[in-house]
1. Would you look at the GNM of chain A, springs on alpha carbons closer than 10 Å, and say which of A:L113, A:L178, A:L153 moves the most?
2. Mind jotting down the distance between the C-alpha centroids of segment B:77-120 and segment A:1-20, whole Å?
3. Per DSSP H run of n ≥ 4, the term is -39500 (n - 2.57); total these for chain B, divide by its residue number, and report the mean residue ellipticity at 222 nm rounded to 500 deg cm²/dmol.
4. Which order do A:H155, A:H322 fall in if you start with the one that has the fewest other Cβ atoms within 10 Å?
5. Work out the FRET efficiency for A:R16 and B:I324 from their Cβ-Cβ distance, taking R0 = 45 Å, and round it to the nearest 0.05.
6. If you build a Gaussian network model of chain A, linking Cα atoms that sit under 10 Å apart, which residue out of A:N230, A:N300, A:N80 swings the most?
7. Which trypsin sites (Lys or Arg not before Pro) in segment B:195-233 sit in a loop by DSSP (not H, G, I, E or B) and have at most 14 other Cβ atoms within 10 Å of their own Cβ?
8. Looking at the protein assembly as shown, what % of its DSSP beta bridges pair antiparallel, to the nearest 5?
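Here, each number is a calculation from the coordinates, and none is a lab measurement. Keep in mind it's a predicted model, so treat the numbers as computed, not measured. Quick reminder, even Gly has a Cβ in these numbers, built from the backbone with ideal geometry, and neighbours come from all protein chains shown.
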Protein chains: 2
Amino acid sequence: MIKVALDAMGGDRAPRVIVEGAAWASQTFDCHIVLVGKERNIKKFLDKTDYVKDKISVVPATEVIEMGEPGALSVRRKKNSSISIGIDMLKKKEVDAFISAGNTGAVVCAAMLKLRTLPGIERPGIGIIFPTPKKPCMMIDAGANIDAKAMHLLHYGIMGSVYSKYILGRDNPTVGILNIGQEESKGTEVIKEARSFFEKTNLNFIGNIEARDVFTGKIDVVVTDGFVGNIVLKVMESFADASSRFLKEELTKRLLPKIGAILSLPVYRAIRKKIDYSEYGGAPLLGIDGRIIIAHGSSNAKAIKSAVRAASEYVAQKLNQHIIEGMEVVSGR
Amino acid sequence: MIKVALDAMGGDRAPRVIVEGAAWASQTFDCHIVLVGKERNIKKFLDKTDYVKDKISVVPATEVIEMGEPGALSVRRKKNSSISIGIDMLKKKEVDAFISAGNTGAVVCAAMLKLRTLPGIERPGIGIIFPTPKKPCMMIDAGANIDAKAMHLLHYGIMGSVYSKYILGRDNPTVGILNIGQEESKGTEVIKEARSFFEKTNLNFIGNIEARDVFTGKIDVVVTDGFVGNIVLKVMESFADASSRFLKEELTKRLLPKIGAILSLPVYRAIRKKIDYSEYGGAPLLGIDGRIIIAHGSSNAKAIKSAVRAASEYVAQKLNQHIIEGMEVVSGR
């Protein structure tokens with residue numbers, strides 16, 4: 001049975017929603033979940049759920065890395081944090097994957113320090129998956145590496161393509177570089193160099209892609225550096241929130257208040273569902289020699305459950321093996 | 001009377017909507033509009049409107065720079081294009097301002113080549129204005145300068161602050177740098193350097209601002225480089241479009257189709273209005289020794305009318321004089 005370590009202390013509403021998500025996952029998926037964190041606290045919430053007894057265990061971690069702490073420093077200082085202990089377990093192969101909705105910078109740093117990267121890959125990338133009218137799309141990197149070099153972008157394209165193929169089931173996934181225009185002449189020097197690298201590969205590379213085409217479902221994998229990717233992610237999220245808020249307000253304001261409130265609920269829910277990132281669980285941290293899923297800080301129980309599913313798929317599909325093979329094909333080995 | 005040159009050939013639906021917008025502006029504002037472009041074409045559409053005769057004139061331009069053409073090259077080659085001739089008129093002070101919904105790269109290049117920048121400013125920036133629940137916010141640069149240095153970001157902050165004060169009426173506007181976290185340690189080297197520059201000024205600098213806080217109305221001026229700014233703009237636009245589409249679909253799907261269609265109209269329109277960039281007209285190209293407003297390629301007649309208003313305000317408020325003064329204060333002259 002696949003074994004997943006889950007950081008019980010990471011996220012805005014931890015440990016409660018993390019524990020609830022784990023309990024839900026234990027009822028749904030065929031895997032064992034190890035909750036890492038403050039034992040008494042975890043057990044208090046766990047006892048309130050209907051979790052499957054032999055599919056959840058607890059490993060104590062006395063420290064917590066808070067959301068605002070600087071990543072590298074906190075990992076070095078807090079050796080008994082849930083993030084450090086969870087990744088140590090991954091390193092010792094006591095678990096197959098690790099999930100955290102906590103401090104992303106700390107997770108990336110701990111992964112780099114303790115696990116290292118896959119052969120040929122210099123920097124890992126966070127691959128987020130978001131819905132489009134046609135099919136889900138992966139954007140990589142969403143914030144692991146803010147000073148990406150052209151070669152890093154190429155590796156993101158290879159890893160995203162592998163993920164898209166083996167997890168999202170795309171045949172020959174299309175890959176593009178996020179840019180401010182479609183023309184070859186557009187973009188930064190790093191992007192132009194990355195473009196020349198991509199053109200020499202056997203990836204289904206379609207060149208530059210503009211932000212407005214990302215959400216139409218035209219493309220399977222969008223490659224960008226972690227700074228731009230993180231900002232795009234945040235803009236998407238705040239727009240999704242603002243849109244549902246506007247909608248609720250307008251519906252209740254413009255119809256008889258009661259009718260408006262009743263009518264607004266299903267519509268509101270349908271829209272939320274379409275733009276609900278919790279459907280897709282967490283984002284894989286690709287390129288690390290180990291399997292890590294980064295869940296959103298504001299994850300609810302459902303998002304945590306989805307993250308457990310994502311971690312299981314990551315393991316079952318032997319994704320890292322396929323990434324290594326993908327890198328070998330590109331480097332001509 | 002303020003005199004504004006308007007590129008009649010720029011934009012997705014030019015010259016029709018440009019001419020219609022000009023006619024509308026002639027009925028509304030106290031300014032003279034010079035339509036630059038293919039004379040017969042312009043006159044054909046102009047004759048179909050109720051424009052105020054002595055407030056609109058036409059200056060012929062035989063060439064058109066298309067949307068996809070590379071900026072610098074097209075400006076050099078097409079000396080008789082509406083963009084070249086419009087900016088030449090600005091240089092000769094035959095008009096007070098120039099507006100184009102055409103090829104942004106060509107407008108920026110022509111402005112740099114023919115008009116130069118204001119004292120001390122190396123690179124101009126496009127300042128877009130967008131709505132938030134509280135008040136409109138300016139983001140600068142939205143795409144003029146994709147390899148911005150720290151000093152350019154400082155100048156964008158100064159220019160944005162001046163615009164916010166004199167045009168948007170903000171008292172002591174707040175200025176922040178768009179970043180992936182609020183902590184000082186976050187961001188690229190360019191951002192960290194720019195931050196240290198800002199801290200030495202008398203601007204109301206609040207440090208880093210995250211993308212999610214941009215749309216809440218917390219801040220008056222958001223500083224970013226043209227690559228990130230352009231991508232943020234495009235993401236905002238595509239999300240605004242996608243949200244209205246989702247909404248219309250859901251409302252008509254979930255209620256009786258006819259009732260849904262009737263109910264959806266006012267709600268749909270209200271949402272569109274809230275996220276409608278045409279309310280704010282075009283974006284000023286700040287830092288140029290001349291007054292240029294860049295309108296969106298998909299501008300409708302109303303957006304063109306708003307752009308004429310924005311150009312008039314730019315002139316009336318003596319914005320460039322205030323920018324020069326702002327630069328002098330910062331450089332301690």
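1. Highest fluctuation among the options: A:L113.
2. Cα centroid to Cα centroid, the span is 58 Å.
3. On the way: 12 runs with 157 residues, N = 333.
Counting only the DSSP helices, I get -15000 deg cm²/dmol.
4. On the way: A:H155 30, A:H322 17.
Going from sparsest to densest Cβ surroundings: A:H322, A:H155.
5. Details: r = 57 Å, r/R0 = 1.26.
Efficiency at R0 = 45 Å is approximately 0.20.
6. A:N80
7. Values: sites: B:R195, B:K200, B:R212, B:K218; in loops: B:K200, B:K218.
Passing both the DSSP loop test and the Cβ count: B:K200.
8. Values: 18 of 76 bridges.
Expressed as a percentage, antiparallel bridges in the protein assembly as shown total about 25.
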